[in-house]
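**Student:** Have a look at the structure that comes next, please.
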Amino acid sequence: MDRNELAAYLDALLECGRFRDYCPNGLQVEGRAEVRRIVCGVSASQTLLEAALAAGADAVLVHHGWFWRGEDGRVTGIRRARLKTLLANDLNLFAYHLPLDAHAEFGNNAQLARRMGWTVDGRFGEQDIGFLGRTRGTAGELADRLALELGRLPLLVGDPARAVERIAWCSGGAQGYFEQAIAAGADAYVSGEISEQTTHLARESGVPYIAAGHHATERYGVQALGAHLAERFGLECRYVDLDNPA
């Protein structure tokens, strides 16, 4: 598939133009014109790039790419090594941040809901990134199901016996949306990370907060997107999961 046609398709599918993001979305580093094999992953680390080379990939597709707002833009050290790996091997880098959190079918939040059996019935937060839905059980049971599904022990702050019917969630580092989730009527909120102030808000509001892991909650969107590209265009898409405790 032509690289530019693939970029245009992904940009339109994920509605990149409607998001105000902290990084550029889409084709971040241009490589060879023809794309047949793609390696997918959560973050464009050096280890993922090397895995892509070993797999004979033409492109790397990730959720966390490069060129973040406020970063030092000098191409030295780690940045030089990463860019050199792509450019010397004519590899393309595609990255989709907020668009891949928010997408109703292939997004991280939609895919997390599918795996957890949550019924989606609303959105909240900046640019409608956060999801609202329905579930059954207690906060403790919810944490146990997340541990089983994600393969890591989440951190629960709050009463594990609290009944949860209305649930809010947003993958990754979305602890800043906790107050908005409470205002939306959530009985519990699930995200990836936790901050010091999150603990106090959970205790004082009575709404349990579950930090299930940034990496762990954002593995599934890029996998679903890769599977879609494989089915629609016959591309070979392989997901590489690199262990990350965060």
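Every read-out reported here was derived from the displayed coordinates using simple, explicitly stated rules and does not represent laboratory data. No experiment lies behind these values; they were computed from the predicted model shown. All Cβ positions, glycine included, derive from the backbone under ideal geometry; neighbour counts span all protein chains shown.
**Student:** Count the DSSP beta bridges whose two residues both fall in the chain, then state the antiparallel fraction as a percent rounded to the nearest 5.
**Tutor:** Here the antiparallel bridges make up roughly 45 percent for the chain.
**Student:** Further question on the same structure: By counting other Cβ atoms within 10 Å of each Cβ, how are R162, R18 ranked from fewest to most? Let's see the in-between values first.
**Tutor:** Details: R162 16, R18 11.
With the sparsest Cβ surroundings first, the list reads R18, R162.
**Student:** What GluC sites (Glu not before Pro) in segment 34-123 are in a loop by DSSP, with at most 15 other Cβ atoms within 10 Å of the Cβ? Write out the running numbers ahead of the final one.
**Tutor:** Numbers: sites: E34, E50, E71, E105; in loops: E71, E105.
Here the sparse-neighbourhood loop sites are E71, E105.
**Student:** Let me ask you something else. Would you mind checking segment 57-85 for residues with the amide N under 17 Å from a putative spin-label position 7 Å along Cα→C-beta of E50?
**Tutor:** 57, 77-85
**Student:** Pick from G73, G56, G158: which residue has the top mean-square fluctuation in a GNM of the chain where Cα pairs under 10 Å get a spring?
**Tutor:** Of G73, G56, G158, the Gaussian network model singles out G73 as fluctuating most.
**Student:** Follow-up question, since we're still on this one. If the chain between R37 and R79 were fully stretched, how many nm would it gain, using 0.36 nm times the residue separation less the Cα-Cα distance?
**Tutor:** 12.7 nm
**Student:** Sticking with this structure for a sec: Note down the nm distance, to one decimal, between modelled labels 7 Å out along Cα→Cβ at L87 and at L148.
**Tutor:** With each label placed 7 Å out from Cα toward Cβ, I get 5.0 nm.
**Student:** Continuing with this model, one more query. Got the relative contact order for segment 108-217 handy, in percent, Cα pairs under 8 Å and 6 or more residues apart?
**Tutor:** 26 percent
**Student:** Taking 0.36 nm per residue of sequence separation and subtracting the Cα-Cα distance, how much length would be gained by fully extending the chain between S195 and R115, in nm to one decimal? List each step's numbers first, then the result.
**Tutor:** Numbers: separation 80, 0.36 × 80 = 28.80 nm, distance 2.56 nm.
Roughly 26.2 nm would be gained on extension.
**Student:** So if each residue of separation counts as 0.36 nm, and I subtract the Cα-Cα distance between L242 and E105, what length gain in nm does that give?
**Tutor:** Net length gain for the segment: 46.9 nm.
**Student:** In addition: Tell me, what is the FRET efficiency for A183 and L155 to the nearest 0.05, using R0 = 35 angstrom and their Cβ-Cβ distance as r? Provide the component values of the computation, followed by the final result.
**Tutor:** Working: r = 23 Å, r/R0 = 0.65.
Approximately 0.95, to the nearest 0.05.
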